[in-house]
Structure formats: structure tokens, C-alpha cells
Amino acid sequence: MPRSIKDEGVLLYAFTCGYITLPTSYFIGGEEGKTKVPACVFLIDHPDGLALFDTGFSDRFVGLEKGLGKIVDMPPEHPVADRLRELEVDPAQIKWIINSHLHLDHAGGNNMLPNATVIVQDSEWEFGFSGEDGAYTTEDFDTGQTVKRIIGEHDLFGDGSVILFPTPGHTPGHQSARVRTATGEAVLAGDCCNFRRSLDELRMPDQVYNADHYHGSLQRLSALRRAGAHIFFGHDPDFWATVPQAETLDLSA
Ligand SMILES: [Zn+2]
């Protein structure tokens, strides 16, 4: 993967770091049955450094069959550190981790990235320690790196190419990212928009932290899509199957 002289601007890569099987209504309200969804992770390669958007599940799930291991499937090659090595990236090179939020399917790989600064919304960091939501595991995200707690929008590189912006509702401090690549603008939604249908039909999961905020976040994404951005949905297995893995994403394709 090493950046070549002809690679200009920001490059974006997608890969899967585990799966979880949950009632479909956790992702889109009113649906029956269960769905196995991917934990979606993105590598943002900017000339000033490497950033990850989310880190998937922890490697402690590899081979685990008890407890959460019954619903989490973590193939041995899926931990984020292994995914990066496949791309010829040393995990120690990652400068920033952008956590959309701190649930176990989004922050589980943070501990494998020793030199990264974690960038998270202040309200998310506070809520993660509150004990109010069982999907937070402090051993996943309280891992000792520098944490930059932000409030509101944040321009990661100071050049407008990677903008973090709040998309609350799923959790209090959920955030998404706009990434301007040479081939188009990507919006890495995270769990403010699980499926393509969530956005097409403006449908929320059955349970959300704050329904008004969730709806507002969907509206924000809808406006970005109308303006031409490519939305990367948080947990859509059908959509994800169309996203090339571990190669430079071409948004003009
Ligand atoms: Zn999630």
C-alpha cells in the first residue's frame, strides 16, 4: 500500500474487522429476524499521516465461543492490526483513531494502535464510563493513548479534507466523518445510519438513545447525499458487499 508519487491527496481504504449477529430491529425498526452485520473500518491515508475511522472488534473475540462469542464472529485475520499489516502498514504508524463512538464493535481495536491519538466527542467519552449502556467495555477504549476530546466539528488536518461532525442519537456523542478524496467525497456514517434503507426511508432502529437527535442526524446525512457525497452506511451487509476491501476506493466508479 505505500503511497506512491502519483497518489495525490487523501486515499481511503475499507476493511471488515469482525461481524455480529443481532435482531434486525437493532439496526432498522420494526423488522423481524436477525442479521449478521460487518464491523466496518476505514483507513484514511493523508499526506500528513494515517488515521483510522473506527477499529472494529477486539482480538479477544478470536476463537471465543462463550458469552458474547456466541454472537460475535472474529476470524483470525480480522483484528485491525492484521488488516493493516496486510496493507503493509505497521500499526505503530497510525497517528489518529477517530472513534465514531465507543461501543465494542467500533473501539475494540484501539489497544492495537499504541501511538495513535484517539479523537472522540467529549460527551461520548463521558458516557462510555457511565455504566448506563452494556455495549461499552472500558477495557476496549481506556487503553492509555492520548485522548483528544472534541466538542462539535473538527477539521483533522486543517485543510478541509477530513471533517468530523456530530451525528448524535445512537449514542450521546456519536460522530461521523466527511472525507474528501481525489475521486469524490465520502461520508463515513457509523451507526447514525446503519443501512442504505435507513436513509432511503428515514428509518431508525427500535431503540435509540435520543430519537430527535437520531432523526436530525439522518436528515443531515440525507442532505449530504443530495449534495453528491457517497454515504458509507454503518452496518449494511448488502451495501458492504459492494465495497472493495483493502484497495484504494474510487468514488467516481
Ligand atoms: Zn455498531
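The values are calculated or read from the model by the stated rules, or taken from the named source; none is laboratory data. Just so you know, these numbers come straight off a predicted model, no measurement behind them. Every residue, glycine as well, gets a Cβ built from its backbone with ideal geometry; the counts of neighbours run over all protein chains shown. When the accessible area is computed, the model is the full protein with side chains, heavy atoms only, and any ligands, DNA or RNA have been set aside. Shrake-Rupley method; radii C 1.70, N 1.55, O 1.52, S 1.80 Å.
Brief remarks on what is shown
- Over the stretch 150-251, relative contact order from alpha-carbon pairs under 8 Å, at least 6 apart, %: 26
- Length released on extending from Gln207 to Ser130, taking residue separation times 0.36 nm less the Cα-Cα span: 25.9 nm
- In sequence order, calculated HN-Hα J values of the stretch 151-165 (Karplus, 6.51, -1.76, 1.60; Hz; x Gly/Pro): 10, x, 5, 8, 8, 4, 9, x, 10, x, 7, 9, 10, 8, 8
- Computed from the C-beta positions of Ser222 and Leu251 and an R0 of 22 Å, the FRET efficiency is 0.75 to the nearest 0.05.
- Whether the chain is rounded, prolate or oblate, judged on the alpha carbon gyration tensor where a/c under 1.5 counts as rounded: rounded
- Sequence ranges 14-21, 184-191, ranked by mean other-Cβ count within 10 angstrom, highest first: 184-191, 14-21
- Projected label points at Glu86 and Glu139, each 7 Å from Cα along the beta carbon direction, are separated by 2.6 nanometres.
- Around Val118: net Lys/Arg minus Asp/Glu count, Cβ-Cβ under 15 Å: -4
- Vicinal HN-Hα couplings computed from phi for the stretch 175-188 (Karplus, 6.51 cos²θ - 1.76 cosθ + 1.60; Hz; Gly/Pro x): 9, 10, 9, 9, 10, 9, 9, 5, 9, x, 9, 9, 10, 8
- Taking the chain and dividing mean pair separation by its residue count, relative contact order in percent (alpha carbons under 8 Å, at least six apart): 20
- Helix content alone sets the calculated 222 nm mean residue ellipticity of the chain: runs of n ≥ 4 DSSP H residues at -39500 (n - 2.57) each, divided across all residues, give -4500 deg cm²/dmol.
- Within a straight-line Cα-Cα reach of under 30 Å, Lys95 can be paired with the following lysines, leaving aside sequence neighbours fewer than 8 residues apart in one chain: Lys6, Lys148.
- Rounded to 5, the percent of DSSP beta bridges in the stretch 11-240 classed as antiparallel: 65
- A simple spin-label model places the labels of Asp238 and Asp200 0.6 nm from each other, with each point 7 Å out along Cα-to-Cβ.
- In Å², nearest 10: area of Asp238 left accessible to a 1.4 Å probe: 120
- Separation of alpha-carbon centers, the stretch 3-79 and the stretch 123-142, rounded to whole Å: 19
- Solvent exposure of the chain as accessible area per residue, Å², 1.4 Å probe: 43
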